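J.: Input: one structure, supplied below.
Since every read-out is calculated from the coordinates, none of them should be taken as a lab result. All of these numbers come straight from a predicted model, not from anything done at the bench. Here Cβ is always computed from backbone atoms with ideal geometry, including for glycine, and neighbour counts include all displayed protein chains.
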Ligand code: F58
């Protein structure tokens with residue numbers, strides 16, 4: 001480079017966005033960074049070279065963004081989440097930079113196809129499901145809306161397991177996503193913090209004669225930052241995802257090393273690094289897993305220390321911390337942050353209790369994502385005490401102040417104090433993390449209107465009675481960039497034509513599609529786009545499973561984590577019933593359907609794994625039976641993840657959102673389907689309620705009990721066996737299953753499932769069965785009228801603007817974060 005060139009000229013020659021500049025950079029990176037010649041380079045090598053090319057182009061944006069936020073001391077939201085599911089980055093970042101076409105051309109000049117390179121990327125599976133994916137959508141929206149934000153998380157070396165299917169059973173395979181390196185991240189060795197585990201506390205008097213506490217002994221671990229730029233769509237801002245990796249501390253190793261204990265030092269090093277080794281693959285917390293507590297603490301402590309570093313580094317005073325930062329707790333996994341910030345302020349910065357508590361309480365906001373009582377996180381007291389002794393003391397002190405306040409307001413209600421306590425003392429003692437989060441936060445929100453309502457009526461009722469002003473609802477949303485632009489380019493082109501290209505950053509403009517829904521001339525094009533996606537999915541299904549499916553059939557899809565409350569087995573009961581109806585009445589002529597399933601089961605969740613087996617077993621019989629095989633197909637797409645999701649949503653005709661009312665906090669898949677023109681069959685659960693209101697009840701297939709009816713029926717003594725006895729179709733379906741029709745005569749295989757349904761049926765499948773079957777019959781009739789179906793499909797898309805994550809982030813900003821956009825200029 002010319003020595004006299006200005007930084008912008010440098011930027012231009014080194015990181016220009018023209019086809020020439022991209023092509024040059026691609027080849028340079030292939031050689032100088034990846035270390036491969038074109039003659040021997042694989043798609044993976046080229047993918048990496050292109051990823052480096054794109055990352056180079058993000059660095060200036062990111063640097064400029066950081067400098068501006070720093071100079072302006074911009075108020076910043078820190079999103080604290082144990083999980084992120086960002087999906088593959090390459091396509092997304094090209095879209096954000098607006099260089100997909102140029103990059104495509106540059107790649108073609110090298111004799112390759114951009115699509116193949118995008119395909120070569122392994123996605124970071126740093127989350128279990130909806131909660132982690134939601135965090136990724138919010139980071140995208142924050143950057144796009146030019147809002148100062150940092151996403152803090154953990155850099156698990158192994159993400160969510162990859163799912164293989166062996167004879168219909170799920171087999172978990174380790175996800176070594178970092179094996180080929182991760183070109184998007186930058187290791188930041190100078191941004192690292194120590195955390196302490198174990199040990200004990202000591203009281204002492206400081207120089208001013210104040211009594212203080214220090215935490216000593218135990219072991220130290222280091223968290224090192226790995227940064228990934230998160231560019232906004234169509235803007236110059238680029239925010240930051242900062243993930244912590246656990247490492248051994250040098251100080252500790254040196255001690256053992258000098259004492260000659262090399263082996264011991266190595267053992268401790270390996271133990272330290274274990275902390276961020278692997279994501280727990282459960283979609284409910286497992287009580288008492290020490291490593292999980294350590295993970296939460298690593299995330300929280302490093303992130304808070306980093307915020308304090310940034311804040312004090314810009315010369316601001318500590319007591320203004322909450323003015324600079326607001327911290328959003330993504331569920332309770334990072335809730336220990338409340339005690340950790342107190343510890344840092346009291347013990348490390350010498351603040352007094354009252355101002356420290358005031359500051360802490362004004363810093364945190366808490367989002368709850370579940371109503372399932374078994375999913376409310378709690379830690380056994382002994383484990384907590386042994387691992388984080390100082391935090392337990394602080395929690396006891398917080399609890400004492402809190403319960404004093406409760407007793408003053410409600411003097412004669414001991415039961416209330418017991419229910420509210422941060423410590424569960426009804427049996428073996430536990431720390432209740434949701435209570436800690438509530439007490440330590442100025443805002444508490446649920447993720448759909450129904451969910452927030454149920455929260456304030458049930459699990460957090462007492463807190464709501466105490467502080468109604470802290471509660472608010474933020475109905476979830478999804479990123480239209482990833483779940484429309486990227487995954488459905490055909491639809492996206494049509495939308496841009498009718499609504500203008502701005503719809504992707506202003507989803508309310510999708511309404512401009514609405515008049516076209518009443519103009520049949522456009523229907524064939526709409527259907528062609530869908531059919532094209534269905535053909536592509538059919539090819540993928542054939543390649544993955546060997547099953548041929550007909551793209552002209554109705555694609556009826558349920559993809560999400562496998563859980564009894566989500567009721568994949570209700571879907572299966574309907575398939576069995578339909579199968580048996582066709583067998584008994586060959587004249588019955590249902591619309592040909594392809595039932596598509598996908599999703600992972602927690603490795604220790606036997607019933608969920610049995611449901612996967614059931615889907616395969618039913619598929620095996622149905623797909624082979626010449627009597628129905630042209631009318632029904634059942635497939636299970638293995639290893640459902642963000643990448644696979646992007647293939648599936650655009651290809652769906654019918655979206656199955658059939659959880660028992662009152663169980664699904666929100667759901668976000670429901671939004672992704674509708675945004676891609678699928679019609680929903682669903683219960684009044686989670687965000688389904690609001691989706692139905694938006695798209696219009698006439699464009700939504702509703703069935704099932706309401707959550708109030710569920711409660712009433714439970715209270716009056718629900719008897720699933722009664723439903724079975726009285727409904728011949730249901731009886732037939734369950735009997736076929738019990739008698740071994742789908743298990744080569746084996747009556748034991750599905751017995752646990754059948755027994756549970758007949759005698760307990762916690763999720764009330766049998767109560768909702770007939771209503772579901774009737775609703776599916778309505779779907780069948782509706783699908784026969786192609787024009788009317790197309791109109792409904794278009795109206796769904798046109799009315800989905802509200803469920804953009806941009807709208808949600810704006811609401812968070814207005815009601816909770818109080819952030820202003822900061823425009824970054826080149
Ligand atoms: C999900 N929770 C909700 N948890 O189930 C879903 O209704 C909602 O739409 C979504 O959050 C976003 O708000 C969820 O995905 C987890 O995966 C946790 C992982 C860690 C252990 C506890 C569950």
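J.: What FRET efficiency would be calculated for the residue pair residue 629, residue 731, taking the C-beta separation as r and a Förster radius of 25 Å, to the nearest 0.05?
T.: That gives a FRET efficiency of 0.50.
J.: Cα centroid distance between segment 37-92 and segment 199-219, in Å?
T.: Answer, in whole Å: 42.
J.: Here's a follow-up. Let me have the 222 nm mean residue ellipticity of the chain computed from DSSP H runs of 4+ only, each contributing -39500 (n - 2.57), with the sum over all residues rounded to the nearest 500.
T.: So the helix-based figure for the chain works out to -14000 deg cm²/dmol.
J.: A follow-up question, please. So if R0 is 30 Å, what FRET efficiency would residue 349 and residue 407 give, r being the distance between their Cβ atoms, rounded to the nearest 0.05?
T.: 0.45
J.: Using 7 Å Cα-to-Cβ label points, what is the residue 762/residue 511 separation (nm, one decimal)?
T.: Inter-label distance under the simple model: 4.3 nm.
J.: Want the number for residue 261 to residue 219: 0.36 nm per residue separation, take away the alpha-carbon distance, what's left?
T.: Extending this stretch completely gives an extra 13.5 nm.
J.: Does segment 689-823 come out rounded, prolate or oblate by the C-alpha gyration tensor, with a ≥ b ≥ c the root eigenvalues, rounded set by a/c under 1.5 and, if not, prolate when a/b is larger than b/c and oblate if not?
T.: Because a/c hits 1.5 or more and a/b exceeds b/c, segment 689-823 counts as prolate.
J.: If R0 is 45 Å, what FRET efficiency do you get for residue 585 and residue 496 from their C-beta distance, rounded to 0.05?
T.: 0.45
J.: Arranged by the count of other C-beta atoms within 10 angstrom, fewest first, what order do 394, 423 take?
T.: So the ranking, lowest neighbour count to highest, is 423, 394.
J.: Kindly identify segment 674-751 as rounded, prolate or oblate by the Cα gyration tensor criterion: order the square roots of the eigenvalues as a ≥ b ≥ c, call it rounded if a/c is under 1.5, otherwise compare a/b with b/c, prolate if a/b is larger, else oblate.
T.: Oblate, since a/c reaches 1.5 and b/c is not below a/b.
J.: Mind jotting down the distance between the C-alpha centroids of segment 160-174 and segment 680-695, whole Å?
T.: Result: 32 Å between the Cα centres.
J.: Take the Cα pairs of segment 486-810, get the Kirkwood Rh, then feed it into Stokes-Einstein at 25 °C and 0.890 mPa s and tell me D in µm²/s.
T.: 121
J.: Hey, how many Å between the Cα centroid of segment 608-640 and the Cα centroid of segment 707-773?
T.: About 20 Å separates the Cα centre of segment 608-640 from the one of segment 707-773.
J.: Separate question: Within a 10 angstrom radius of the beta carbon, how do 283, 785, 762 rank from fewest other beta carbons to most? Walk me through the intermediate numbers first.
T.: Details: 283 23, 785 11, 762 14.
Ranked by crowding around the Cβ, least crowded first: 785, 762, 283.
J.: For residue 186 and residue 711 in the same chain, what is the full-extension length gain: residue separation times 0.36 nm, less their Cα-Cα distance, in nm? Let's see the in-between values first.
T.: Details: separation 525, 0.36 × 525 = 189.00 nm, distance 5.08 nm.
Stretched fully, the residue 186-residue 711 segment lengthens by 183.9 nm.
J.: Still on this model: How far apart, in nm, are the 7 Å Cα→Cβ label points at residue 472 and residue 548?
T.: Going by the 7 Å Cα→Cβ label model, 5.7 nm.
J.: Roughly speaking, what is the stretch gain from residue 250 to residue 397, that is 0.36 nm per residue apart minus the C-alpha to C-alpha distance, in nm to one decimal?
T.: Details: separation 147, 0.36 × 147 = 52.92 nm, distance 3.39 nm.
Full extension of this stretch gives 49.5 nm more.
J.: If you don't mind, another one. Could you sort 131-139, 28-36 so that the peptide with the highest average Cβ count within 10 Å comes first and the rest follow in order?
T.: 131-139, 28-36
J.: Can you tell me which of 638-650, 709-721 comes out highest on packing, and rank the rest after it, using the mean Cβ neighbours within 10 Å? Could the numbers behind the result be given before it?
T.: On the way: 638-650: 21.2, 709-721: 13.8.
By packing density, highest mean first, the sequence is 638-650, 709-721.
J.: Quick one: 204, 156, fewest Cβ neighbours within 10 Å first, how do they rank? Please list the in-between numbers first.
T.: On the way: 204 9, 156 26.
Neighbour counts put them in this order, fewest first: 204, 156.
J.: Which of the three applies to segment 601-676, rounded, prolate or oblate, going by the alpha-carbon gyration tensor with a ≥ b ≥ c and a/c under 1.5 meaning rounded?
T.: Verdict is oblate for segment 601-676.
J.: Here's another thing I want to ask about it. Let me check against my output: what whole-number percent is the relative contact order of the chain, with C-alpha pairs under 8 Å and at least 6 apart?
T.: About 13 percent, as a whole number.
J.: How far is it, in nm, from the label point at residue 287 to the one at residue 210 when both lie 7 Å from their Cα along the line to the Cβ?
T.: In this crude spin-label approximation the distance works out to 3.8 nm.
J.: If you don't mind, another one. For the chain, what is the largest minus smallest coordinate of the Cα atoms on each principal axis, given in angstrom and ordered from greatest to least?
T.: Dimensions of the chain along the principal axes of its Cα atoms: 91, 78, 56 Å.
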